[in-house]
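What follows is a single structure, written as structure tokens, with notes after it.
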Amino acid sequence: MMGAVKLKSEQLTAYYGEKPAIRDISLEFPDRRVTAIIGPSGCGKSTFIRCLNRMHETAPRTRVEGKVLLDGEDIYSEDPVRVRRRIGMVFQKPNPFATMSIYNNVSAALRFNGRHPRDYVDAAVVRSLQQAALWDEVKDRVDTPATSLSGGQQQRLCIARALAANPEVLLMDEPCSALDPLATTKIEELIGQLKKDYTVVIVTHNLQQAARVADYTAFFYLGGLIEFAPTEDLFERPRERLTEQYITGRFG
Amino acid sequence: MRFDRPARRKFLSHSIAVLTGLCVVAALYPLVSIIYSAAIRGGGVLFQVRFLTAVPPNACSVVQCATVGIGPDIEGTVILVGLASLIAVPVGVLAAIFASEYRSRGLGRAISFTADVLTGVPSIIMGAFIFGYFVYYPSITYSAITGGLALSAIMIPIVTRTTEEALRTVPNSIREAALALGISKWKATLRIVLVAALPGVATGVLLAVMRASGEAAPLLFTALGSNLYFHGFNQPVAALPLLIYDFALSPYSNQQKVAWGATLFLLAAILIVNVASRYMIHRLGRQMAGGA
């Protein structure tokens, strides 16, 4: 039933100080599919996704145990900078580089990571903006400041910026929580397009969103993985009582 | 007589208003009076021909002797502050980067604490310290080099603290965005975070330059002062604050006049540089925020 596994966590436990925020999570993300992670606030879903590209450890007094395998190789025994070039991330709030133009935002990864010919960078910027469904709106003003864009456009700019680095996996940490419904719809449509080329992992507190965009869904509760299944099964025939209670709105 | 409640409250409110107003006057009085007396007594000499280029006068008791100028002292101050900035800006900025961006390590906290303490150290002690060190190297004990070092010791903690504060105002989401793109930490810090903090850093450097250009104490036994134009980094060098210190104590009226002229020039220069660079920093900030 499941295709090839692109990314996989094995007994992953992550700490803030001495306190574990997630415990013993083993989860497989199929190649070029969208996997959603749902669960009530504080269940560790954001912590978990931040472990998948080694962003968790950039905060002070944090620690990770266990493994995360990308194409079978443990990313925790690789250089984190190289890991993050293969596994991109989009954050909760749009965070474009305010000091840079639209063009410079999208080309940041290429410009700062090694030397590339100008026309190669130009092409990558256009391609990434097209993939992020932003090109038509900004093609006449790529040299204007990124902060001149609306919130929804800024988030798509952040997606384009992540794509320009040429990742294989795209992590999205509640990418629509700061956006209005129209902008949310655009991002959701975009996710449907992106899974043709990328493995997408999306954290969301919005159950309908998970149901709309995800092929697979994982339910987290109190730092543990409760259930993982194809989205349809999880929402229509949950195996766990907790999952059923959560998706029917009895807590959370 | 007993006040009833509302009257008492009004009385208190008015008294506080008057009191705070008086404090404003007390706070502004020294500044206004300094500018006023410097303008009155220094204005005449400042606009004399060649005042900004001629060398300072020797002691002269004849009533009509020439006033002459402050050329070497302007040049010396520019050289000393320039030299000090060359040392203080990179050292201060890099120390601040370490303190702010690598704070989880104990040394980062130690740097901010040290900078705080150093900001409070009297400037004459900085001069004495540099003197004490270089007294064993007599060829440069009194020179532009030691003067620049003494001024840089004043500037480094100021640059460090203001840069650190500026870096802290850069939202963490910017650091995360850069790291998540696979940009290495030092590149993200230097080319994204520091650039975002640039207006704040520039303000700090400006503050330090202002402070250093007005300092006499650290130069007393380092730069020493001179009546001549700059003639080598290993030679004593003139400076405006030293000239003011010297000539203000002079019994000769021509030298006193020069001291007033130099005072007015220093005040005006600091004011002009301050306003001009604040305007530029403001524009830089607006440009970076995308409002330009």
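Numerical summary
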item: Beta bridges by DSSP in the protein assembly as shown, antiparallel share as percent, to the nearest 5; result: 60
item: Solvent-accessible ranking of A:LEU222, A:LEU194, largest area first, probe 1.4 Å; result: A:LEU222, A:LEU194
item: Pairs from A:LYS19/B:LYS187; A:LYS45/A:LYS93; A:LYS8/A:LYS45; A:LYS6/A:LYS195; A:LYS139/A:LYS195 whose Cα-Cα separation, in the structure shown, is over 21 Å; result: A:LYS19/B:LYS187; A:LYS139/A:LYS195
item: Listed residues A:GLY39, A:CYS51, A:LEU69: farthest to the positive end of the dipole of the range A:1-96 (Cβ charges); result: A:GLY39
item: Cβ charges +1 (Lys, Arg) and -1 (Asp, Glu), total dipole of chain A, debye; result: 480
item: Most fluctuating residue given options B:MET210, B:MET280, B:MET126, as computed from a GNM of chain B linking Cα atoms under 10 Å; result: B:MET280
item: Under the span-like rule (Cα at least 30 Å along the axis, Kyte-Doolittle mean at least -0.5), DSSP H helices of chain B; result: B:5-46, B:71-101, B:144-168, B:253-289
item: Calculated [θ] (222 nm, deg cm²/dmol) that DSSP helices of n ≥ 4 give over chain B, each run adding -39,500 (n - 2.57); result: -23500 deg cm²/dmol
item: Shape category assigned to chain B from the gyration tensor of Cα positions, a/c cut at 1.5; result: oblate
item: Which of B:ALA95, B:ILE145, B:ILE174, positive extreme of dipole for the range B:72-241 (C-beta unit charges); result: B:ILE174
item: In Å², nearest 10: area of B:ASP246 left accessible to a 1.4 Å probe; result: 90
item: At most 11 other Cβ within 10 Å, DSSP loop - trypsin sites (Lys or Arg not before Pro), the range A:31-85; result: A:ARG61
item: Range in chain B, longest, excluding exposed trypsin sites (Lys or Arg not before Pro) [loop by DSSP; at most 15 other beta-carbon atoms within 10 Å]; result: B:106-292
item: Exposed GluC sites (Glu not before Pro) absent: longest stretch of chain A, with sites in DSSP loops and at most 16 other Cβ within 10 Å deemed exposed; result: A:79-239
item: Translational diffusion of the protein assembly as shown, µm² s⁻¹ [Kirkwood Rh, Cα pairs; Stokes-Einstein; 37 °C; 0.692 mPa s]; result: 117
item: Förster-model FRET efficiency, 30 Å R0, A:LEU182 and B:LYS185, C-beta, rounded to 0.05; result: 0.20
item: Distance between modelled label sites at B:ALA7 and B:ARG109, nm, 7 Å Cα→Cβ extension; result: 5.7
item: Mean shadow area of the range B:72-241, taken as a quarter of the surface of its Cα convex hull (nm²); result: 10.2
item: For the range A:199-241 and the range B:8-46, distance of Cα centres in Å; result: 68
item: The range A:47-86 versus the range B:212-284: alpha-carbon centroid distance in Å; result: 56
item: Within the range B:204-225, backbone nitrogen closer than 16 Å to the virtual label 7 Å beyond the Cα of B:ILE124 toward Cβ; result: B:215-224
item: Helix-derived mean residue ellipticity, 222 nm - over chain A, DSSP H n ≥ 4, -39500 (n - 2.57), to 500; result: -9500 deg cm²/dmol
item: Heavy-atom accessible area ranking, 1.4 Å probe, most first, across A:HIS56, B:HIS14, B:HIS231; result: B:HIS14, B:HIS231, A:HIS56
item: Inverse of mean 1/r across different Cα pairs in chain A, Kirkwood, Å; result: 18.6
item: Pair B:LEU284, A:GLU10: separation of 7 Å Cα→Cβ label points (nm); result: 5.1
item: Average beta carbon contacts from partner chains per residue of A:87-99, 10 Å cutoff; result: 5
item: For the range B:114-210, the Rg and Dmax computed from alpha carbons only, in angstrom; result: 17.8, 55
item: Neighbour cut-off at most 15 other Cβ (10 Å), DSSP loop, trypsin sites (Lys or Arg not before Pro), the range A:149-249; result: A:LYS196, A:ARG239
item: Using a Förster distance of 51 Å, the FRET efficiency for B:VAL275-A:ARG127 (Cβ separation, nearest 0.05); result: 0.60
item: Projected label distance in nm at B:TYR137 and B:TYR29, using a 7 Å step from Cα toward the beta-carbon; result: 4.8
item: Number of partner chain Cβ atoms within 10 Å, mean per residue of B:172-178; result: 6
item: Highest-fluctuation residue, B:VAL68, B:VAL159, B:VAL237 considered, GNM on chain B with Cα pairs under 10 Å; result: B:VAL68
item: In the range A:188-252, the chymotrypsin sites (Phe, Trp or Tyr not before Pro) that fall in loop regions by DSSP, at most 12 other Cβ within 10 Å; result: A:PHE251
item: Descending Cα extents along the principal axes, the range B:67-153, whole Å; result: 57, 27, 22
item: Efficiency of FRET between A:ARG61 and A:SER150 - r from beta-carbon atoms, R0 35 angstrom, step 0.05; result: 0.45
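The values are calculated or read from the model by the stated rules, or taken from the named source; none is laboratory data. Owing to the predicted nature of the structure, the values given are computational and were not obtained by experimental measurement. Reconstructed Cβ throughout: ideal geometry from the backbone, glycine too, with neighbour counts over all protein chains shown. Side chains included, ligands, DNA and RNA excluded: accessible areas come from the protein's heavy atoms. Shrake-Rupley method; radii C 1.70, N 1.55, O 1.52, S 1.80 Å.
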